[in-house]
Each structure stands twice: as structure tokens, then as C-alpha cells.
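The structure appears below as C-alpha cells.
The values are calculated or read from the model by the stated rules, or taken from the named source; none is laboratory data. A quick note: this is a predicted structure, and the numbers were derived from the prediction, not measured. Quick reminder, even Gly has a Cβ in these numbers, built from the backbone with ideal geometry, and neighbours come from all protein chains shown.
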Amino acid sequence: MTSPEKVLLIQLRQIGDVVVTTPAVRALREAWPGAHLTYLTEAPSHQVFADSPRVDRVLVRPRRAGLMAQLRFIAQLRRERFDVVIDFFSNPSSAQLSWLSGAPRRIGFALRGRRWAYTDRVPPLVGPHYAAASRAALLAPLGIRPQSLLPEVFLTDALRAAAREQLAALGVKPGDLLVALCPISRRQFRVWPAKHFARLADVLIERYGAKVLLFWGPGEEPFVNAVRAAMIHNALPDYPVPTLRGMAALLEQCHLYVGNDNGTRHHAIAVGTPSVTVFGQSHPEHWTPPGDPRHRGVARDPGCKDRCSYPRCGLECIRDVPFEAVERETESLLELLLRDGIPDRR
């Protein structure tokens with residue numbers, strides 16, 4: 001297909017879902033350098049593409065606006081006269097937006113109840129697969145294939161300098177081993193017990209002399225407070241909750257991420273920080289770059305992951321993930337990272 005003039009890309013909702021579309025967006029920009037790419041998402045996920053050379057504009061869909069505001073937004077989409085829409089989300093809401101855009105070519109997944117919205121219907125991938133590969137599959141009708149499935153975010157020099165200054169103010173010195181610990185998630189089936197994170201933090205401090213930097217967002221302080229209360233040693237002090245991109249800049253300075261399956265973890269991967277992630281309801285292979293020893297997932301399937309009955313369950317999938325399994329994977333990755341000493345921070 002020759003390069004279209006205007007392309008609309010849609011991925012609503014969660015931050016991590018937006019991050020894993022970045023390999024597909026990168027491939028589109030490389031294939032169609034002259035096309036005008038507009039990315040449609042929701043707050044706060046719109047921050048993922050700030051300063052990105054891959055897209056020309058980011059549109060933020062109003063989530064809780066009234067009917068008139070929604071109609072005005074749809075009218076705005078139609079006035080744009082997009083040539084192609086790629087609906088990475090392909091849920092009923094985004095399918096409606098795809099169809100209502102009026103674009104002559106609309107690509108989405110061939111899912112029940114929304115096939116009607118698309119001119120090109122792509123069968124979902126079957127079997128274990130990375131979420132970025134699933135999104136990239138929507139480029140097949142266009143003859144485009146990403147060279148890499150690693151996600152990306154773009155950071156400015158100012159953000160990096162601010163991160164270094166913040167760490168210095170917290171007492172982090174050159175040569176310190178810095179570990180990001182993120183015990184948060186808004187979904188209970190992704191929350192490994194705080195006592196396990198506390199015990200793991202103590203292990204990292206005792207055995208490796210690590211400085212442990214806790215990560216959280218607005219309203220998520222209770223997760224962090226529970227970990228601090230259960231620790232024997234001290235993590236680094238609290239600091240002002242950063243913006244999404246400020247968080248990514250701090251993660252880039254860390255040698256290792258350990259935490260729950262959340263948006264912070266996807267940012268760690270995007271900035272190149274090795275990761276160990278504890279998974280609950282989700283399968284690790286769906287959210288972990290395949291074949292990359294720097295990113296590891298630990299999970300337990302009590303036999304109900306593929307027929308989940310949450311919230312009518314005891315959350316055994318996440319609460320019963322053994323501490324020893326996460327400790328073992330974390331130490332294995334650290335041994336790999338520290339073969340030649342503590343790497344310089346970027």
C-alpha cells in the first residue's frame with residue numbers, strides 16, 4: 001500500500017496497553033515517513049507519546065463527558081478525513097469510533113460484535129504471545145512488519161537531569177546499586193502481598209547493598225506504606241510523586257525493576273531497565289518480551305487463569321506466588337547484571 005496522508009491510531013484506557021503499541025507505531029513511522037499520524041487515547045495514557053517523533057499529534061478522548069461533548073468529539077474526528085484507522089484496542093467503544101470516523105479503510109480485530117466496524121478484520125493471535133506482537137499483527141494488511149517488538153518512550157535531557165538531581169537528593173551516590181520496587185496495582189489480582197515485597201527489599205539490601213527506590217502514583221501511598229512498615233531495613237525516603245514521564249526518567253536510572261504487573265513495569269522495559277515481575281491473573285508470556293533474558297516473569301496458575309471467576313475467588317493466582325520463586329529469579333537476574341560489577345547508570 002502506498003503511504004496514506006492521514007492515519008488515526010486508537011488505543012484507549014490503560015498506560016501499559018498504550019506502551020505496548022509503540023513497536024507498531026515505530027514500524028508505521030518507518031514505513032510511512034510522510035504520513036500524518038494521530039494517536040487517540042485517554043488521560044493519563046496520552047503522556048506516553050510526549051516528545052515522541054513517531055506521532056504528529058495525540059488526541060485525548062473525554063471519558064466522562066456528556067452527550068454533547070461526545071458528539072462534538074466525533075464530529076471533530078470526521079472533519080479530519082482520515083484515510084486509515086488502526087484500532088489497536090478493538091473493543092466496542094473504539095470500534096464505534098473507528099466506524100464513525102468515516103475513514104475509508106479501518107483495521108481492527110475480528111472479534112464478535114464489532115467486525116462490522118472494520119474493512120480489514122485481523123484474526124487475533126492464538127497461543128502464547130507478547131501483547132506488542134498482537135498489536136503489530138494489525139499492520140499485516142498494510143504489508144508492514146516491525147523489526148523489533150521492544151517498546152519505547154522518549155525522554156528529554158531535562159527529564160534525565162531532574163531524575164539525577166532527585167536521586168542525589170535522596171542520597172544515591174555513583175556506584176550504588178539502585179533497585180526500583182513497585183508494589184502497586186489498582187487491580188487486586190495483580191497485587192502480590194506487601195510482606196513479600198518487604199522481605200525481598202531486605203534481601204536486596206542485606207546481600208547486595210542495594211538502594212531500594214519505591215515507586216507509586218497518586219492515591220497509591222497505602223501500598224508503599226505497607227511495604228515500609230514490614231521492612232527491617234530502610235528503603236530510600238519518600239519523594240514528590242513524579243509525572244508519568246518523570247517516573248520513566250527515574251526508572252531509566254535504576255539497574256533493576258521488581259514489582260507487580262502494572263504500567264510502571266512497562267515503562268521500565270521501554271527505557272531498557274531489566275525487570276522481574278510478579279503476575280497474577282495474566283500470563284507472563286502475554287506481557288514479557290520473548291527471548292529477552294533481561295525481562296522475567298514469575299507466576300502461579302492454580303488451574304483457573306483461563307476461566308477466571310474474579311472477584312468470586314481467593315486470589316490464589318497472585319497471593320500464593322511463592323516468595324522463594326521471586327527471590328530466585330531476582331537473584332539470578334542480578335548475577336547476570338553484576339558479572340562485571342555494578343553498571344554505570346545512564
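General observations
- When residue 29 is tested against (1) surrounded by fewer than 21 Cβ atoms within 10 Å (Cβ to Cβ); (2) within 20 Å of residue 90 (Cα to Cα), just one condition goes unmet, and that condition is (2).
- Residue among 110, 65 that alone is surrounded by fewer than 16 Cβ atoms within 10 Å (Cβ to Cβ) and more than 22 Å from residue 138 (Cα to Cα): 65
- Residue, surrounded by the fewest Cβ atoms within 10 Å (Cβ to Cβ), within segment 270-286, restricted to residues that are within 24 Å of residue 319 (Cα to Cα) and in contact with a strand residue (DSSP E or B) (Cβ under 7 Å, 6 or more places away or on another chain): 284
- Filtered residues of segment 1-40 (kept if under 14 Å from the mean Cα position of the chain (by Cα) and either acidic (Asp, Glu) or not in a helix (DSSP H, G or I) (or both)): 11, 12, 13, 14, 17, 20, 21
- Strands (runs of 3 or more DSSP E) enclosed by segment 59-177 - at least 1 residues per element that are modelled with pLDDT of 95 or more and either within 22 Å of the chain's Cα centre (by Cα) or outside the structural domain of residue 17 (by TED's automatic domain parsing) (or both): 84-87, 105-109
- Residue selected from segment 219-239 under the condition among the hydrophobic types (A, V, I, L, M, F, W, C) and within 23 Å of the chain's Cα centre (by Cα), by the criterion farthest from residue 205 (Cα to Cα): 223
- Filtered residues of segment 326-343 (kept if in a loop (DSSP other than H, G, I, E, B) and either free of Cβ contacts under 8 Å to residues at least 24 places away in the same chain or touching an Asp or Glu at 6+ places or on another chain (Cβ under 6 Å) (or both)): 339, 340, 341
- Restricting 189, 197 to those that are at pLDDT 95 or above, crowded, with 18+ Cβ neighbours inside 10 Å and aromatic (Phe, Trp, Tyr) reduces the list to 197.
- Among the residues of segment 212-239, those identified as in contact with a helix residue (DSSP H, G or I) (Cβ under 8 Å, 6 or more places away or on another chain), closer than 22 Å to residue 337 by Cα and either assigned to a helix (DSSP H, G or I) or not β-branched (Val, Ile, Thr) (or both) are 213, 214, 215, 235.
- Of all residues in segment 262-287 being at pLDDT below 95 and in contact with a Lys or Arg (Cβ under 7 Å, 6 or more places away or on another chain), the one that is nearest to residue 152 (Cα to Cα): 262
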